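**Student:** Below are the structure tokens for one structure; questions will follow.
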Amino acid sequence: MTEVRHSAPRPKPGILDIAPYVGGTGALSGVAEPMKLSSNENPLGAGPKAREAFASVLDKIHIYPDGHAGKLRTAVADLHGIEEDRLIFGNGSDEVFALLNQTYLSAGDNIVTGEYAFLAYRISALGCEAEVKLALEPGYKAEVEDLLAQVDERTKIVYLSNPSNPTGSWHSGEEIRRLHAALPAHIILVIDEAYAEYVVEPEWESAIDLARTSENIVVTRTFSKLHGLGGLRIGYGYMPKAMAEAMDRIRLPFNVSVPGIAAAIAALGDEDHQKASRDLVLEWRPRLTQAIKGFGYDVLPSVGNFILVMFKDPAEANAASEYLNHKGIIVRGVGGYGLPQGLRITIGTPDQNRAVADALSEFAAR
């Protein structure tokens, strides 16, 4: 038998073709405490109840967490009035997407999502040797008909952000129901509701109610946004029991941490912090949008805790980002999403929002 020698270990096909996810920058050279508005984090931070809960378990962090996240499971189920055994928790909702893809995608299968959708969907799908089919978003929104047009016999999962990051667009309850009704029963529809708590439009509906009576819908939520627990990495998905049981077979045993569980439970009960966080966004999202439009820039309508500012071309967007950096402000370029002319700006504290407006006013007047 002839021995085959390779010079070094090789990753499986396609891995090196994946562009790695790049998070929002958090540091600026020469600036001790920059205003980080690049990652859609809660500018108020974690609430007092979550911080207190975190501190209360410091003497228990040498002990493995409850792999079932039992107390948090009960708290989330009670909040939404859903079944505990249909929940799965992850190291952020990102891990829920990865578990879905690992469980249901084989080489040659595909997922369908919008061309500007959250990159985590496609990264883990490509890692499973699946194809990614993108519905064009000429109006910065993945329309139902365009998503359905991409579905074929190898489609296993359709991903939809509602609201969508980075564009801030959203889908009504009627649109979600229409999309679901048109999909074959074996195709999973994932509705990512990471920014759900910031939506006030009356036609928007959570897909949780639809998922209750469905065998192929997954709804994901996160504690990283409204609750301010991005650093603790905790999210969850609600899905049919059979899907949760299948995914649980490959979930790492202790994927959610002791302080993460404690802080998340406390955050769910901190209604004052939730209200303050939501009110801040609802007040400043339209104010900042109006101000920046007044400087001559287009701002896409958003229902998240961020806005997407569109410049005339990528060069102007890069120049604006550099000018903001000079002022100690970090925002997010979204060239990786196919929008090189855009800058995504998280709604910050009142002082931060005023600083953004002042800096863009100065930039526009140059």
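The values are calculated or read from the model by the stated rules, or taken from the named source; none is laboratory data. Nothing here was measured: the structure is a model prediction, and the numbers come from that model. Backbone-built Cβ (ideal geometry, glycine too); neighbour counts: all protein chains shown. The accessibility values were calculated without ligands, DNA or RNA, using every heavy atom of the protein model including side chains. Shrake-Rupley method; radii C 1.70, N 1.55, O 1.52, S 1.80 Å.
**Student:** Quote the accessible area belonging to D279 in square angstrom, nearest 10, computed with a 1.4 Å probe and with ligands, DNA and RNA left uncounted.
**Tutor:** The value for D279 is about 70 Å².
**Student:** Identify which of L343, L280, L79 has the largest mean-square fluctuation in a Gaussian network model of the chain, with springs joining Cα atoms closer than 10 Å.
**Tutor:** Maximum fluctuation in the GNM of the chain, among the listed residues, is at L79.
**Student:** At what distance in angstrom do the alpha carbon centres of segment 293-332 and segment 108-126 lie from each other?
**Tutor:** So the two Cα centres are separated by 26 Å.
**Student:** May I pose another question? Ranked from the most accessible area to the least, with a 1.4 Å probe and all protein chains present, what is the order of T349, T213?
**Tutor:** T213, T349
**Student:** Under 15 Å from the Cβ of K275, count the other residues' Cβ atoms, weight Lys and Arg +1, Asp and Glu -1, and hand me the total. Mind dumping the intermediate values first?
**Tutor:** Working: positive: K49, K225, R278; negative: E197, D270, E271, D272, D279, E283.
With Lys, Arg at +1 and Asp, Glu at -1, the neighbours total -3.
**Student:** A follow-up question, please. Sorted by packing (mean other beta-carbon atoms within 10 Å per residue), highest first, where do 242-249, 205-212 land?
**Tutor:** Top to bottom by mean Cβ count within 10 Å: 205-212, 242-249.
**Student:** Considering the chain as a Gaussian network with a 10 Å cut-off on Cα pairs, which listed residue, A291, A315, A77, attains the greatest mean-square fluctuation?
**Tutor:** A315
**Student:** Considering the chain as a Gaussian network with a 10 Å cut-off on Cα pairs, which listed residue, S321, S164, S29, attains the greatest mean-square fluctuation?
**Tutor:** Sorting by GNM fluctuation, first place goes to S29.
**Student:** If Lys and Arg each add +1 and Asp and Glu each add -1, what is the summed charge of the other residues whose beta carbon sits under 14 Å from the beta carbon of Y323?
**Tutor:** -2
**Student:** If a/c stays under 1.5 just call it rounded; otherwise compare a/b with b/c (prolate if a/b is bigger, oblate if not). Do that for the chain, with a ≥ b ≥ c from the square roots of the Cα gyration tensor eigenvalues. Write out the running numbers ahead of the final one.
**Tutor:** Working: a/c = 1.40, a/b = 1.21, b/c = 1.16.
Because its axes are fairly even, with a/c under 1.5, the chain counts as rounded.
**Student:** Where Rh is the Kirkwood radius over the Cα pairs of segment 263-356, the temperature 20 °C and the viscosity 1.002 mPa s, what D in µm²/s does Stokes-Einstein return?
**Tutor:** 150
**Student:** Give me the net charge for the shell around Q341: Cβ to Cβ below 14 angstrom, other residues only, Lys and Arg +1, Asp and Glu -1.
**Tutor:** 0
**Student:** Follow-up. If you average the C-alpha positions of segment 176-235 and of segment 4-72 separately, how far apart do those two centres end up, in angstrom?
**Tutor:** With segment 176-235 and segment 4-72 each reduced to a Cα centre, they are spaced 22 Å.
**Student:** Spin-label point model (7 Å from Cα, Cβ direction): what's the E283 to I63 distance in nm?
**Tutor:** With each label point 7 Å from Cα toward Cβ, the separation is 4.2 nm.
**Student:** May I pose another question? List the residues of segment 231-272 whose backbone N lies under 13 Å from a point placed 7 Å from the Cα of D78 along the Cα-to-Cβ direction.
**Tutor:** 265-270
**Student:** Output the pairs from K133/K225; K133/K241; K71/K241; K141/K312; K156/K241 with a Cα-Cα distance over 22 Å in this structure; if there are none, say none.
**Tutor:** K133/K225; K133/K241
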